[in-house]
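Report on the structure given below.
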Amino acid sequence: MIQVFTPLFILLGAAVVTVVVDPLFRRVGFREGSGIFASIAFFFALLFLGVEALKPPKVIAYRIFGSESPLTASLKLDPLSLYLSMIFCGIGLAASIYSIRYMILERETGLDRYYLLLLTLIAGMMGVTLANDFFTLYVFWELMAISSYSLVSFRKWSWEAVEAGFKYLLMSSIGSLMALLGIALLYGLTGSLGFDALQASLSSGKGLAADLSLALIIMGFGVTAAIVPFHSWLPDAHPAAPTPISAVLSGVVIKTGVYAMLWSLFKVFSPSLYGFGTVLIGIGVLTMTFANIVVVMQSDVKRFLAYSSIANIGYIITGIGLAAYVMRNYPSEIGVAMLALTGALFHILNHALGKGLAFLCAGCYIVRAESRDLSELEGIGASMPATTSAFGIGLLNLAGVPPLSGFWSKLFIISAGLAIPSDGVMLTATAIFILNSVLAAGYYLWLFQRLAFKKKAQGNSRIKEAPMLMLIPLIILAAACILITIMLNPVLQFIQTALEVVLG
């Protein structure tokens, strides 16, 4: 058990040690020490996960405490949790390396608390994917939530950060309470919080109470996933938070909400029995359409990227909804459901890499130009060629330009939606999906053209390239976008293995 869950222990242990060693680093004038220490912890955690991913697929469950009591806490390791944990830890590593220089350039203080919160944030997200019951999941969920609230409002001297943090705290707390009420209803119905026990108990349906629990879980976890209409905290949180935290929020935190919804709905509630596919399709279509309309109205580059993240959550939720819809209405077409889920899970990876990269590049522009306004960032790319090259790769991947991997994840979802042309719901949702994808590709390319090729805004002529420590994570993430495209088959094979866990 210790060997399997070593990454979680590394991050939580490093979070505690960071608070102790940071005063020692500051005493000798080594402000970068805490960031380097946190980055080393992320690297070794990711290394252990990578080694585990190379082993034959397996499912391991471990009971933390208690015997067979309903409130027993337990952990699991399966290909899906491994897949998501690697994404979370990878983006955490990139944000940590980036922060070493960024936080000093921004003259931020309290670096011991910053890296403590960053480590516990990623550990909380990993814990959510490793949880084998709702009790353990909720404990790690709250660890993630508290860390993210604090990081959004980290710049406590800024009213913008305090307001955004309070809004996020309020909305996410309400969402967490709704999810908790849904979990409590499940416990009252079944007498257990273990996923396997809940799945067995709900296999024949539990009436109105189970339906209410299902609705509460979708809404509760949907707040963190930033689905419309529970999305409004995200565009406010991004501009207020330090840029590396914006990358983590958009890249992986909202994906934790998606995972919690996916796991709860497919492992606890049977899609063929409860019929929530249509609801998820509606939520996904509404989310992507609203966000793609609003994004073109933004003048702040971080709010621009934030709304596009909401749109991408709509793509992912639509893929999950199509899979659930097919499993209920066309049980013989399980291949179509798997294709839709493959696209959704693959898009989680593509969006995490592309949007994490885009936010970190935007942070480089903001540091040099000292502005988030798009009109003041025009033409800045000519002065920062390395940053702009990485930015272009990230935006092209997000736009779904072939042959980059972002194209394939969207294509899988579209192919699944068109697989049964006689179904009006699937056909309509797919048509809207295609229109939104074309619109998104247009504004991503427009954004890149505006920052990279337009005439320089006044004051941008003396701007120089970002520091090397901020460029390193950009190079790594850009290389990952290209590498995944080249190694498409092994990545999809791993995702197929993860799908077997979801679909049983």
(request) Determine, for each peptide in 351-362, 26-37, 395-406, the mean count of other beta carbons within 10 angstrom over its residues, then list the peptides with the highest first. (result) 351-362, 395-406, 26-37
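Please give the charge dipole size of the chain, origin at the Cα centre, charges +1 on K and R Cβ atoms and -1 on D and E Cβ atoms. Round to the nearest 20 debye. Can you show the working numbers first?
On the way: 29 positive and 24 negative charges, 191 e Å.
Dipole magnitude for the chain comes out near 920 debye.
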(request) Scan around Ser74 for amide H atoms under 5 Å from its own, H built in the peptide plane at 1.01 Å from N, and keep only partners 5 or more places away or cross-chain. (result) Ile64, Asn132, Asp133, Thr136
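Over segment 200-291, what relative contact order in percent results from Cα pairs under 8 Å that are six or more residues apart?
41
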(request) Could you list which residues have their amide H under 5 Å from that of Phe276, counting only those 5 or more apart in sequence or on another chain, with H placed in the peptide plane? (result) none
(message) Among Leu214, Ile420, Trp233, which residue has its Cα furthest toward the positive end of the charge dipole of the chain, with +1 on Lys/Arg Cβ and -1 on Asp/Glu Cβ?
(response) Trp233
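Between Val162 and Asp196, 0.36 nm times their residue separation minus their Cα-Cα distance comes to what? Walk me through the intermediate numbers first.
On the way: separation 34, 0.36 × 34 = 12.24 nm, distance 4.11 nm.
Additional length available on full extension: 8.1 nm.
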(message) I'd like the distance between the alpha-carbon centres of segment 144-194 and segment 88-116, rounded to an integer number of Å.
(response) 23
(request) Enter the Cα centre distance for the pair segment 212-233 and segment 340-381, rounded to the nearest angstrom. (result) 25
(message) Using +1 at the C-beta of Lys and Arg and -1 at the C-beta of Asp and Glu, which of Ile97, Ser150, Tyr83 has the Cα lying farthest in the positive direction of the dipole of segment 82-151?
(response) Ile97
(request) For a quick protection proxy, order the peptides 297-306, 93-102 by their average other-Cβ count within 10 Å, most packed first. (result) 93-102, 297-306
(request) Extending each Cα 7 Å along its Cβ direction at Met297 and Ala215, get the distance between those two points in nm, one decimal. (result) 2.9
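Under DSSP H, which helices of the chain have Cα atoms covering 24 Å or more of the helix axis and a Kyte-Doolittle average no less than -1.0?
Details: long enough: 6-27 (31 Å, 1.47); 33-54 (32 Å, 1.97); 79-105 (39 Å, 1.49); 111-130 (28 Å, 1.41); 134-152 (26 Å, 1.38); 159-190 (46 Å, 1.20); 208-225 (25 Å, 1.92); 277-295 (27 Å, 1.98); 301-329 (42 Å, 0.80); 334-369 (51 Å, 1.42); 424-452 (42 Å, 1.33); 468-486 (26 Å, 2.92).
TM-like helix candidates: 6-27, 33-54, 79-105, 111-130, 134-152, 159-190, 208-225, 277-295, 301-329, 334-369, 424-452, 468-486.
What is the extension gain from Arg26 to Phe453, computed as 0.36 nm multiplied by their sequence separation minus the C-alpha to C-alpha distance, in nm to one decimal? Present the calculation step by step, with values, prior to reporting the outcome.
On the way: separation 427, 0.36 × 427 = 153.72 nm, distance 4.20 nm.
That pair, Arg26 and Phe453, stretches by 149.5 nm at full extension.
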(message) Going by average Cβ density within 10 Å per residue, which order do the peptides 324-332, 183-191 take, highest to lowest?
(response) 324-332, 183-191
(request) Provide, for segment 273-504, the number of lysine pairs with alpha carbons under 24 Å apart, each pair being eight or more places apart or on different chains. (result) 12
(request) Give the relative contact order (percent, whole number) for segment 273-504; include only Cα pairs under 8 Å separated by 6+ residues. (result) 25
(request) Normalising by the residue count of the chain, find the relative contact order in percent from Cα pairs under 8 Å and 6+ residues apart. (result) 15
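Where a number appears in this text, it was derived from the coordinates with a stated rule and is not lab data. Not measured: the values here are computed from a predicted model. Here Cβ is always computed from backbone atoms with ideal geometry, including for glycine, and neighbour counts include all displayed protein chains.
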